[in-house]
Amino acid sequence: MSREDELYPVVATFLEDAFGCGSTKINTGTKYGHIDVLGLRERRSDFSSQTELLAIEVKRGGTRFLNFIGQAVSYSLYAHRVYLAWEKEKGGGFSQEEISIASKFGVGLLSISSKGKISLVSSSAEFTPERHHLLQAVNKLDHFECTLCRSFYPKESSVQINPRGAINIEEEKYAGNLLKAVTSRRPALYYLFQLAEARGDKRVYTHDTRYICKDCCSIFASILPEME
């Protein structure tokens, strides 16, 4: 039987192939806990784009099924759908009672055979994660949410459109950077300095970070005068 962490890449690949996750990461999380496998997928249509985070608790062996389910449920703090992926001692599948228990808590089940083959046993319910925890998880996947269109994009080099480390001070060198973000086809990054000041945040170099995607930048930059 494989070591548990050896199953993480296998489960991540399954998320990409079976669930259409465009980005995955293993053994990641925040100060509140780590997620064995995290995946992000986009459900697209012509008029809307819905991003879902999938979080997987991976287990090999053991018999504490209810404890395993509890760990998977805790991932709903971050993710829209949660699963337990389990490789049992003798490579067996889930019993009907286990499927029923998992369904009661909304946890989906993935069965891992002794040969590492993964099969979907039952689907996860849809959860409503805490927004700030969700965005922290998205950040771990090297993605960001656009402040304007609320869609999610891969992180890349961004153009800063307000100064870091100065509250309520606009510096000349940042003028026109929104237009620069468009012409260089890069997203824009800014910080909510005024919000930090209002709540008495004394951190000088860490503030609420926000992004604007390339397309939304182009809408606003089109009304700006060109900078020499």
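The values are calculated or read from the model by the stated rules, or taken from the named source; none is laboratory data. Owing to the predicted nature of the structure, the values given are computational and were not obtained by experimental measurement. Here Cβ is always computed from backbone atoms with ideal geometry, including for glycine, and neighbour counts include all displayed protein chains.
Quick rundown of the values:
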| quantity | calculated |
| --- | --- |
| Residues of the range 127-147 classified as part of a loop (DSSP other than H, G, I, E, B) and either charged (D, E, K, R) or over 9 Å from the mean Cα position of the chain (by Cα) (or both), total | 6 |
| Residue list for the range 78-93, restricted to those being hydroxyl-bearing (Ser, Thr, Tyr) and in a loop (DSSP other than H, G, I, E, B) | Tyr78 |
| All positions within the range 196-214 that are exposed (fewer than 15 other Cβ atoms within 10 Å of the Cβ), more than 21 Å from the chain's Cα centre (by Cα) and at pLDDT 65 or above | Glu197, Ala198, Arg199, Gly200, Lys202 |
| Positions within the range 18-44 being of a type outside the set (A, V, I, L, M) and closer than 18 Å to Cys146 by Cα, in sequence order | Gly22, Ser23, Arg41, Glu42, Arg43, Arg44 |
| Residue in the range 133-151 that is in contact with a strand residue (DSSP E or B) (Cβ under 9 Å, 6 or more places away or on another chain), modelled with pLDDT under 85, outside the structural domain of Ile69 (by TED's automatic domain parsing) and hydroxyl-bearing (Ser, Thr, Tyr) present | no |
| The range 111-126, residues that are within 15 Å of Ala18 (Cβ to Cβ) and under 20 Å from the mean Cα position of the chain (by Cα) | Ser123, Ser124 |
| Selection from the range 21-38 of residues that are in contact (Cβ under 8 Å) with a residue 60 or more places away in the chain and in a strand (DSSP E or B) | Ser23, Thr24, Lys25, Thr28, Gly29, Thr30, Ile35, Leu38 |
| The one condition in (1) hydrophobic (A, V, I, L, M, F, W, C); (2) in the same structural domain as Gly29 (by TED's automatic domain parsing); (3) buried (at least 16 other Cβ atoms within 10 Å of the Cβ) that Phe127 fails to fulfil | (2) |
| Test result for Glu87, acidic (Asp, Glu), assigned by TED's automatic domain parsing to the domain that holds His34 and free of Cβ contacts under 8 Å to residues at least 24 places away in the same chain | no |
